[in-house]
Amino acid sequence: MNPVDEDEVDLLASLSEPSRFTAIFERHVSGVHRYLAYRVGGDLADDLTAEVFLCAFKRRIGFDAARGTVSAWLFGIATNIVCHHRRAEQRRFRLDQRAALSELGRSDDGDFVDGVVSRSDLDSAIAKLDRKSRDVVLLVAGAGLSYEEAAAALAIPLGTVRSRLSRARSQVRSKLGRELDPLTEGAERR
């Protein structure tokens, strides 16, 4: 049985046997936490990860397999929870940028400085995207979801994911002033 089928079986079984939800938690907690850590930072990600799984547990009766996988459903919940913490996310991007600029003045290691500035520039460019485009970028590039999974997580058509990602790439390239696309370096088209 593949993990997708196992997820659906465990989710359905958890309606009458709540402890079965533990298997879903164990299969997906690290991916959801990694995504949230990228979005809001490690400390807040711990709390938000717990919030995602609590919300999923409470709403498990409403899961609809026709709309996507359990994994995509969980990332959709995570994305919605991040929406409620958007201000904190914006502050983190600004703090990363300030920290990078601070490191620039203190470090003798050019590679380290280039890496910090590059990450800071990328974070700043992503922070300037509109909310809907940023959600798509961070689900695909940050969480590693396929275009189809991102569409299911956000409850939008696949074509909308592709157009938002394309528009976001152009905007990020423009803000970075580079030909290279840092959102897809090393990533294959999904």
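Scanning segment 148-170 for residues that are surrounded by fewer than 18 Cβ atoms within 10 Å (Cβ to Cβ) and either modelled with pLDDT of 90 or more or within 17 Å of residue 69 (Cα to Cα) (or both) returns 148, 155, 156, 157, 158, 159, 160, 162, 163, 166, 167.
Condition check ((1) in contact with a helix residue (DSSP H, G or I) (Cβ under 7 Å, 6 or more places away or on another chain); (2) modelled with pLDDT of 95 or more) across all residues:
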| site | (1), (2) |
| --- | --- |
| 32 | yes, yes |
| 99 | no, no |
| 117 | yes, no |
| 123 | yes, no |
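Look at residue 6 and say whether it is modelled with pLDDT of 95 or more, acidic (Asp, Glu) and exposed (fewer than 15 other Cβ atoms within 10 Å of the Cβ). The answer is no for residue 6. Taken together, the residues in segment 58-79 that are surrounded by fewer than 15 Cβ atoms within 10 Å (Cβ to Cβ) and not aliphatic (A, V, I, L, M) amount to 5. Only one of the numbered conditions (1) loosely packed, with under 14 Cβ neighbours inside 10 Å; (2) modelled with pLDDT under 95; (3) not polar (S, T, N, Q) is violated by residue 45, and that is (1). Is it fair to say residue 94 is modelled with pLDDT under 90, surrounded by 19 or more Cβ atoms within 10 Å (Cβ to Cβ) and within 19 Å of the chain's Cα centre (by Cα)? The answer is no for residue 94. Whether a residue is of a type outside the set (Ser, Thr, Tyr), at pLDDT 85 or above and farther than 30 Å from residue 14 by Cα was assessed, and residue 86 does not pass this test.
Among the residues of this structure, residue 74 does not count as one that is under 27 Å from residue 10 (Cβ atoms), modelled with pLDDT of 95 or more and more than 15 Å from the chain's Cα centre (by Cα). Contact annotation: residue pairs with Cβ atoms under 8 Å, 6 or more positions apart or on different chains, pairing a residue in segment 157-179 that is under 14 Å from residue 130 (Cα atoms) with a partner that is basic (Lys, Arg), are 164/132; 168/134; 171/128; 175/128.
The values are calculated or read from the model by the stated rules, or taken from the named source; none is laboratory data. What you see is a predicted model, and the numbers here were worked out from it, not measured in a lab. Cβ coordinates were reconstructed from backbone atoms using ideal geometry, including for glycine residues, and neighbour counts include every protein chain displayed.
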